[in-house]
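Encoded as C-alpha cells, the structure appears first; notes follow it.
The values are calculated or read from the model by the stated rules, or taken from the named source; none is laboratory data. What you are looking at is a predicted structure, and each value in this text was computed from that prediction instead of being measured. Glycine also receives a Cβ, built like all others from the backbone with ideal geometry; neighbour counts cover every protein chain displayed.
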Amino acid sequence: MGNELLAVRSLRAAAEDKEILKGLDLTIAPGEIHVIMGPNGAGKSTLAAVLMGSPKYTVTDGTILFRGKDLLEQPVSQRAKNGLFLSFQNPVEVPGISMENFIRSALDQRSEDKVRPWVFHKEVQRVLKALDMDESYAERDLNVGFSGGEKKKAEILQLLLLKPTLAILDETDSGLDVDAVQTVSRGIEEFRKDKDAALLIITHNAAILSALHVDRVHVLVDGHIAAEGGPELIGEIERSGFAAYEGDQA
Amino acid sequence: MKQMINTPPARTFRWLGVNGTAAELPQEAGNYTCSVPEGAEQTFVLQENSSLQKVTIEVGPHAVFRLIQIHRNTDDTERFSEIRVNCQESARFEWYRIVLGGNCYDNCSVALSGADSSFTAEIGYRLDGSDRLDVNCEAIHTGRRTRSTIHASGVMTGASAKILRSTIDLQKGCKGAVGNEQEDVLLLDETVENRSVPVILCTEEDVEGNHGTTIGQLDEDLVFYLSTRGIPQEAIYDMMARARIDAVIRRIPDPALQTALLDEKEAAI
Amino acid sequence: MNKEKTNVADVDRSFYDFRYADDSWKVKSGLTPEIVAQISEEKHDPDWMREFRLKSLEIFERTEMPDWGPSIEGLDMDNIVTYVRPNAERMNTRWEDVPTDIKDTFRRLGIPQAEREGLAGVGAQYDSELVYHNIRKEVAELGVVYTDIESALHGEYGDMIREHFMKLVPPTDHKFAALHGAVWSGGSFVYVPPHVKVEIPLQSYFRLNAPGAGQFEHTLIIVDEGADLHFIEGCSAPKYNVANLHAGCVELFVGRNARLRYSTIENWSKNMYNLNTKRAKVEEGGRIEWVSGSFGSHVSYLYPMSVLDGEGARSEFTGVTFAGAGQNLDTGCKVLHNAPNTSSYVNTRSISKDGGASTFRSAVVITPRAKGSKAAVSCQSLMIDDISRSDTIPAMDVRTSEANVGHEARIGRISDDAVFYLMSRGISEEEARALIVSGFAENVSKELPLEYAVEMNNLIRIEMKGAIG
C-alpha cells in the first residue's frame, strides 16, 4: 500500500443486464507496465471502458482508487484531468475542430493558466517529429477521414501531449500494420521518458511488448483475473493460448 | 400588412405550420443585382444595410459566384433576405450563411438551368434565447447533370426556434442530376423548437436525390470520447457549437475572409 | 434513340374487375341533412348517434378542403351515393346465407378459402353493409369479440363503442373525417380482453360494387392490456367510369403492454378516391405495427397516425406504394410522440410508373413531454420512367432536447447494372425489372402472411409486366 497508482478491488460491472466483470482485482504502481491478455469476450475492453467511466457499463460492486481518490465518483473528464488516459480503437470523428486546437482546449481545461498557442504549436511540431508523423496532422479535423493507422497515430499524439500518469492502451482487435506498431512503440518509448508514467496495455500482439520492460502480466478470463505473472507469461500464452486458464473456472 | 413569406414549392399538413411564415416586410429594400460574366469568379459579402435585402444574380457560363452572409445578434430587428439566382452552363453558386443569433428570414431560390451547373448552400447557426431562424431554400434542377448540396448544421439553446424548409426539385430534363441535403441540429435546451422539412421532388428518371437529417443530442460515443480527454460536458457543447460554425467558415476558399469571419464569430459567441 | 423500355399496357386488373348488376337499395346522391337522417333511420341509430351524424354534417359543411395534396376536383359530393344497402339480409354468420352474386364476388377474391386456411375470423363488407361475419369458436371462447359495428352498437358493447367512437379521429379532424361521422356505415368491431393472445389473424374485406357510391366503414379495435392481435384489411372494387369514394375510418386502441399489427393491402379500382383515416393510440409499453400496401385507387390520401401516449410506447410503420397510369397516391404516416421514452420506426418504399405520381408524406412530432424518445424514418423511391412523378415531403417538429430523430430519404432509378446482371443470367429485361421492383418492396412483403405476400408480389408483377393475357 501507499505507493499504489491504481487499485481495483472486487470490481463487478455489467452492460445492460449482462455481468461482464465478475470480481476483478488489479494493482498498478507508478512507472510500471502491466499487460492484460485474455480470450475474446473475457472483458478486457470492458475493464478499460469502466476505468475511464464509459456510460455503456454500470459498476455493480467493488472499488477503484486512482492516486488515492475514489475513481468511480468522478465524471469522465475529471478522471482525465487527474491523469488517466484511454486510447480508443476507433476514435470518433469530430468535424470542425482541428487536432491542434482540440488538444490545446483539452489542456486549457486542466489548469488556470492558459496554454500559450505558439508554445503549444512548437510542442506539437516536436512530438509529430518524434513520432515521424506529417506536420499536416495538426491542421486536420479531429479524426475526420483518418485511416485506421492514422487514427492510431492521432491517439498516440494525444497521449504524448496530454501527459497522463496512467495510460490504458486498448489494442485488442486492432490488427495493427507494421507502420502503426512502430508508431505505438515509438510513442510508448517517448511516453516512458517520464519515469512515473505507468501503462496498462491490453493486447494480443506480442510484437508491441517485445521492446518493453513489462512488470506484470494478468490473464483475464470470464470477467476475473485467472492468472498473473511476470513477462514470461507472454511467451507461454503465445505458445499455448488460454485453454489452460479457461479450464480453471470454478 | 402581413404576407406569407418563405413558402416552399410543395405544401404539407396545415397543422404543422410549415407552409410559410406570415410576416410584415419592410417598405424599403436594399437591392443587389449582378451578372457574373463568363468564366469570372466573384465573392460578395452581403452587408446588412437594410432589413430587407434582395439579391438577384445571373451566373454566366463557367462562372463562380459566392455569396457570404453573416448575422450577429446586435438588435431585435427582423432581417429578411430574398435571394434569386440563375446558373448558366457549368456555372456555380455558393451560398455561405452564418447566423449567430437574431431574427433571420431567408428565402433562397436557385435555378440550375444550365447543364453541369451547381449550387452549394452551407448554413451554420447558433441560436439562443428568443432567436429565430426561418429558411426556405430551393434547388431547382432543369439542366442536365446539375448538382446541388444543401448542408445545414446548428446548435439551439434557450427558447430559440428554427424552421428549415429545403427542397431539391428534380424537374423534367435534368437527366444525370444529383441533389443532396444534409441537416444536423443539436438541441441543448428543453424549450427549443426545431422544425425541419426536407423535400425531394422528382419528375425525371435518371437522377438521384438523397437526404439525411439528425436532430437531437450529441452522440453518446462522441461525448464520452471528448470527456476522456478531460473536457467537461458544458465545454463539449460549446466546442461543438463553434465547430459547426467553423466548419462552414472553413469551406470558404478565401483565407483572408476566413480569418475575418472567424474573428467575427469569436466576438459574437 | 430511346433505350428499350419495358412495354407496359394499362394495368390489368381484370382479376378484380368483375362486377354484378347493382340491384341494391340506396339513398339519393349528394349530402343533405335529410339524407343523413334517412341513413340514421335505416340503421336504427341510438339518439346520440343520430345527433352525432347531424353535427358531423355541420362540421363537414364548414370545413375547408385540403389544399396541400393531390387534386380531388374530380370528386363531386353531389354525385356520390353515401349509402348503398346490398340486396341481402344485414348480417350472416353462415356463408350459405350470403346471396349468390355477393358470395361469388368474395369467392373469386379468395375470401372463404383464406378463412378456412389461416384466419381466426373473417368479415366481409359489400357496399355499405357487412354481409358476412364469422369468428372461430375457439377464438370466441377466449372472450374475443369480432362483429359488425352496428350489432355492437346495440348490444352489450354499446357503451364501449360510445366511449371510443370517433374520439381518436374526431369529425373536426378534417373534412372527410366529418363526412365519415355523418354517413358512416358498416365496418368491424374487435375487442381482445386483457392478456389474450390471438395467434392467427382476423380479416375484414371491403368490396365496393355500386357505381358512383361511397364506402364509409368504421373499424374500431380495442386491444386490452397485455393482449395481442393481428388484423388484416383488404379492399377492392371493379372499375367504373364515375368517381367512387372511400372515406373509412379506423380507430385502434392499444392498451398497456399490448400489441396490435394492422395490415392492409389496398387495391381499389382506379376511379376511387381513397380518403381514408387511420389512427392508433398506444398506452404505456404498448406497440402498434402498421403494414401497408397501396396499389389501387385514382387518388389516395392515406397517413396512418400513431399517437404514442404512454411511456415506452412504440410504433412501426412499413409501407409500399405503387402508382401507375392515372394514379396519384399520396401516402405516408404521422407519429405523435407524447410520452417519455417512446420510439417510432418508419420504413417506406414507393414506385412510380407510366405517368403515375406517388408522394411520401410524413410528420414526426416530439412534444416536450416525450423526453428520451427516438424516431427513425427511412424512405426510398424508385422512378421507373421519365413521365412519372415521385415526391418526398417529410416534416419533423421536435420540441425537447432529450430526443433523437433521424431521417433519410433517397430517390433513384433501377440500376442498369442490376438489370444487366440478371439478364446475363438468362432473365429477360422485363422479368429482371419486375424482380428488382419486387425486391425493392420486400420491406412490406416480408411482413405479410405468406398468401398476402404472394398476392402483393403478383400485383407488382402485373403492374410491371402489363397485360397478362
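See the values below:
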item: Complete set of residues in the stretch A:77-93 that are among the aliphatic types (A, V, I, L, M), buried (at least 20 other Cβ atoms within 10 Å of the Cβ) and within 7 Å of chain B (Cβ to nearest Cβ); result: A:A80, A:L86
item: Residue in the stretch B:33-52 that is free of Cβ contacts under 8 Å to residues at least 12 places away in the same chain and under 17 Å from B:C108 (Cα atoms) present; result: yes
item: Yes/no for C:V169 being in a strand (DSSP E or B) and in the same structural domain as C:D23 (by TED's automatic domain parsing); result: no
item: Any hit, the stretch C:434-450, residues being outside the structural domain of C:I232 (by TED's automatic domain parsing), buried (at least 18 other Cβ atoms within 10 Å of the Cβ) and of a type in the set (K, R); result: no
item: Test: residue in the stretch C:148-157 that is surrounded by 20 or more Cβ atoms within 10 Å (Cβ to Cβ), in a strand (DSSP E or B) and either touching a strand residue (DSSP E or B) at 6+ places or on another chain (Cβ under 8 Å) or hydroxyl-bearing (S, T, Y) (or both); result: yes
item: Exclusive hit being touching a helix residue (DSSP H, G or I) at 6+ places or on another chain (Cβ under 8 Å), closer than 30 Å to A:I237 by Cα and among the hydroxyl-bearing types (S, T, Y), set A:S45, A:S87, A:S105, A:S77; result: A:S87
item: Output for the stretch C:110-166, where each listed residue is of a type in the set (K, R) and modelled with pLDDT of 80 or more; result: C:R136, C:K137, C:R162
item: Any hit, the stretch A:101-124, residues being in contact with a strand residue (DSSP E or B) (Cβ under 7 Å, 6 or more places away or on another chain), among the aliphatic types (A, V, I, L, M) and within 11 Å of another protein chain (Cβ to nearest Cβ); result: no
item: Hits in the stretch B:192-210 (condition: farther than 25 Å from C:A370 by Cα and not β-branched (V, I, T)); result: B:L201, B:C202, B:E204, B:E205, B:D206, B:E208, B:G209, B:N210
item: Answer from C:L260, C:L252, C:L308 - the residue that is under 16 Å from C:H230 (Cα atoms) and over 14 Å from the mean Cα position of the chain (by Cα); result: C:L260
item: Meets criteria (crowded, with 19+ Cβ neighbours inside 10 Å, at the interface with chain B (Cβ under 9 Å from one of its Cβ atoms) and either more than 22 Å from B:G173 (Cα to Cα) or aromatic (F, W, Y) (or both)) for C:S401; result: yes
item: Any hit, the stretch B:231-239, residues being under 30 Å from A:L84 (Cβ atoms), within 8 Å of chain A (Cβ to nearest Cβ), part of a loop (DSSP other than H, G, I, E, B) and in contact with a Phe, Trp or Tyr (Cβ under 9 Å, 6 or more places away or on another chain); result: yes
item: Members of the stretch B:243-257 that are in a helix (DSSP H, G or I) and away from chain A (no Cβ under 13 Å); result: B:A256, B:L257
item: Cross-chain or 6+ apart pairs with Cβ under 6 Å, the stretch A:48-64 first and among the polar types (S, T, N, Q), then crowded, with 19+ Cβ neighbours inside 10 Å; result: A:S54/B:F224
item: Test: residue in the stretch C:423-439 that is within 14 Å of chain B (Cβ to nearest Cβ), more than 19 Å from the chain's Cα centre (by Cα) and over 22 Å from C:Q327 (Cα atoms); result: no
item: Answer from B:S196, B:S166 - the residue that is within 15 Å of B:W95 (Cα to Cα) and assigned to a strand (DSSP E or B); result: B:S166
item: Qualifying residue in the stretch C:233-249 (condition: modelled with pLDDT of 95 or more and part of a strand (DSSP E or B)); result: yes
item: Residue check for C:I288: touching an Asp or Glu at 6+ places or on another chain (Cβ under 7 Å), farther than 22 Å from B:R14 by Cα and assigned to a strand (DSSP E or B); result: no
item: Selected residue (criterion: farthest from B:I231 (Cα to Cα)) from residues of the stretch A:92-127 that are among the aliphatic types (A, V, I, L, M) and more than 20 Å from the chain's Cα centre (by Cα); result: A:V119
item: Answer from B:N6, B:N19 - the residue that is within 17 Å of B:Y105 (Cβ to Cβ), over 17 Å from the mean Cα position of the chain (by Cα) and surrounded by 15 or more Cβ atoms within 10 Å (Cβ to Cβ); result: B:N19
item: Lone qualifier among B:N180, B:N210, B:N194 - being more than 14 Å from chain A (Cβ to nearest Cβ) and either of a type in the set (A, V, I, L, M, F, W, C) or crowded, with 20+ Cβ neighbours inside 10 Å (or both); result: B:N194
